[in-house]
Structures are given as C-alpha cells and as structure tokens.
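Novice: Sending over a structure as structure tokens; questions will come in a sec.
What follows draws every value from the coordinates through simple rules; no lab data is involved. Since the structure is predicted, the reported quantities are computational estimates derived from the model, not experimental observations. All Cβ positions, even for glycine, are placed from backbone atoms using ideal geometry, and neighbour counts span all protein chains on display.
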C-alpha cells in the first residue's frame, strides 16, 4: 500500500545500505531499485563533515527509510532517492 502525505505519494524508502570506496553508498529501496549515492557532494556541508572520516562513513545504517550515522547525522529520504543514480 502506498502511503500518501498531503495528497502526494511518498517516494521509495531505503531498506539496505552498503558503504563502498570513494564515499559512495549502494542503497536498495523498497521498490526493489538499487541506486548509488555519492556522499562527496554533501560532506563539505558543516553537519556532514564527520563523514570525511572513512571509518565513521562506513558506520552508515538504514533508519526510518533513509540513511543515518551516529551523532544525529541523517539525510532526507526523498532527497536520498531523487539524488541517487542507477550507476
């Protein structure tokens, strides 16, 4: 069943994530799509600077349909889906 908020259906949500070399995340979504997110485009932003530490970056996990790290670092689930690519 598709959830709808304010008259719009939600975009697919993350169900698994894997940290790859070069700050790339491989993400599987609940619509069975597998996409890639390049975290280098966000890690210069102040709240994402801890992601530059490769060991910290690897601690990524799925949380509430998106991705998250410790220290209350997460990413908008809709942006995650829209900004991820198929390769």
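Novice: Which of 80, 20 comes first, and how do the rest follow, when ranked by fewest Cβ neighbours within 10 Å?
Specialist: 20, 80
Novice: Where does each of 72, 44, 78 land when they are ranked from fewest to most other beta-carbon atoms within 10 angstrom?
Specialist: 72, 44, 78
Novice: Taking other Cβ within 10 Å of each residue's Cβ, how do 24, 67 sort, fewest first?
Specialist: 24, 67
Novice: Tell me the label only: which of [x] 18.4; [y] 13.3; [z] 13.6 is Kirkwood radius over Cα pairs in Å as calculated from this structure?
Specialist: It is the one labelled [y].
Novice: Now for a different question. Tell me the mean residue ellipticity at 222 nm calculated for the chain from its helices only (DSSP H runs of n ≥ 4, each -39500 (n - 2.57), averaged over every residue, nearest 500).
Specialist: -2500 deg cm²/dmol
Novice: Separate question: Calculate the spin-label point distance for residue 20 paired with residue 49, positioning each point 7 Å from the Cα along the beta-carbon direction, and give it in nanometres.
Specialist: Here the answer is 2.9 nm between the modelled labels.
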